[in-house]
Amino acid sequence: MKAAPSNAGLEFEEARRIILEAIRSLSPDRQAESVALEQAHGRVLAEPVLADRDYPTLRRSLRDGFGVKSDNVPAILRVRGEIRAGQSEQAPLEDGEALEIMTGAPLPEGANAVVMVEHVVRLPEESGTERVKIDRTVEPGQFINERGAEAKSGTLLIPSGTQIDASHVAALAMTGHVSVRVVPRPSVAVLATGDEVVDLHSTPAAHQVRNSNSYMLASLVLASGGDPVVLPIAQDTPEALHPLLARGLKHDMLLITGGVSAGKYDLVKPVLRELGAEFQFERVRIQPGQPTAFGIAQNTPVFGLPGNPGSTLVTFQLFARLALNLLSKRRDPILPLLWTRLEAPFQHKGGLTRFLPAWLTRDGQHIRHIPWQGSSDVPALAKANAFLVADHDRQQWDGGDLIRVMLKS
């Protein structure tokens, strides 16, 4: 069944497109920095990495076996000796000879194939000469890693903008990098607002809540490649908000939770406008997180995220992480949405795309919705490892139907 049209704002894909264009237009000039190779994992390359020589630099054997001339076999061949990985090349191989060779060892000139040791029969020595019998034909190039087959000198190994993983660390070490130039981590200010929010060290009254949002956002920022700076809690007055928002705008990005809806004491957007903010959107057709706002103030990207923790988490994953990835100069940031099957029938009211806490099975084949009491339900969020994505234009699914999934972290 198709849902009725809604005036709830932008679809989340359109909101992401707006963020992408806005952040790219900022083009902040931030100087690269050097870090030691052992500290490079997870950082973003500021410059491309090129091969400093051919890889491999010599023709190498891919198997333990015998180097031969392919047109000499099948035959009984004299074993000239052996060569191990780490030894230098030997004299050219002559007709009628085989050279015992280990994986990774260089092949001498003349040898154009390797026969695996399992396919060779060792014969009794005659007059002190070791011999082997090879009773199969071989193709030229068999089990040989040719010079430059992996990379030619000067070719691109890792483009700039790549987030460095363990394989990239290996490539950097292979090419002699003891340090690497990386993009500085963006500094992200995190500001929680609300008269009901108190610090973690306080004992909250029944009408108060501890400041879980700031610490959740700080952990998300850190995991996404930024350096979080948690600001003091701002009360719902212009006098309290103005200096803290101004302070937050001195960073590369500002995340605010709470105070962005249309209530009498939702003052974040008016105060940001006083500080020069121009909002690109102020509402998105999602739940939770419908009143999410995004704008630019003093050349700093600003996100106004709804104050309930579920809304804050979902909107960071959908929107703020995209901006952070762009500020980190990562290539082609994408939203990784998976497809899997529902364990049981599911339905929701159409009109908004809903991101609901769920449990994705370990094999990734099925997902089940975790009942919750709304976006303030932190215990339900803690039980989830994913969000099922209920599309705005569909209202029900049967067990076994495919549905989109967004991982929680």
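The values are calculated or read from the model by the stated rules, or taken from the named source; none is laboratory data. Quick caveat: nothing in here was measured; it's all calculated off a predicted structure. Note that we place each Cβ from the backbone using ideal geometry, even for glycine, and neighbour counts take in every protein chain shown.
Residues of region 339-366 being closer than 22 Å to R285 by Cβ, in contact with a strand residue (DSSP E or B) (Cβ under 8 Å, 6 or more places away or on another chain) and surrounded by 15 or more Cβ atoms within 10 Å (Cβ to Cβ), which ones? Passing the criteria: F346, H348, L352, T353, R354, F355, L356, P357, A358.
Set side by side, the residues H251, H242 differ, and just one is modelled with pLDDT of 95 or more, over 33 Å from the mean Cα position of the chain (by Cα), at negative phi and not acidic (D, E), which is H242. Remark: pairs (first residue in region 210-232, over 18 Å from V182 (Cβ atoms) and crowded, with 23+ Cβ neighbours inside 10 Å; second residue at pLDDT below 95 and among the small types (G, A, S); Cβ separation under 8 Å; 6+ apart in sequence or on different chains) = N213/G258; N213/G307. Can V115 be described as at pLDDT 95 or above, touching a Gly at 6+ places or on another chain (Cβ under 8 Å) and part of a strand (DSSP E or B)? Yes; evaluated as a whole, the condition is true for this residue. When F279, F294, F316 are checked against the criterion of being crowded, with 19+ Cβ neighbours inside 10 Å, at pLDDT 95 or above and assigned to a strand (DSSP E or B), F294 stands alone in meeting it.
Given the structure, is P306 crowded, with 21+ Cβ neighbours inside 10 Å and more than 25 Å from the chain's Cα centre (by Cα)? Let's see the steps before the verdict.
Numbers: crowded, with 21+ Cβ neighbours inside 10 Å: yes; more than 25 Å from the chain's Cα centre (by Cα): yes.
It is true that P306 is crowded, with 21+ Cβ neighbours inside 10 Å and more than 25 Å from the chain's Cα centre (by Cα).
Figure legend. Inter-residue proximity from region 274-293: first residues free of Cβ contacts under 8 Å to residues at least 60 places away in the same chain, second residues buried (at least 23 other Cβ atoms within 10 Å of the Cβ) and not aliphatic (A, V, I, L, M), beta-carbon distance below 7 Å, spacing 6+ or different chains. Indicated pairs: F279/F294; P291/P306; A293/G304. For region 323-338: of the residues being outside any helix (DSSP H, G or I) and among the aliphatic types (A, V, I, L, M), which is surrounded by the fewest Cβ atoms within 10 Å (Cβ to Cβ)? Filtering first and then ranking leaves I334.
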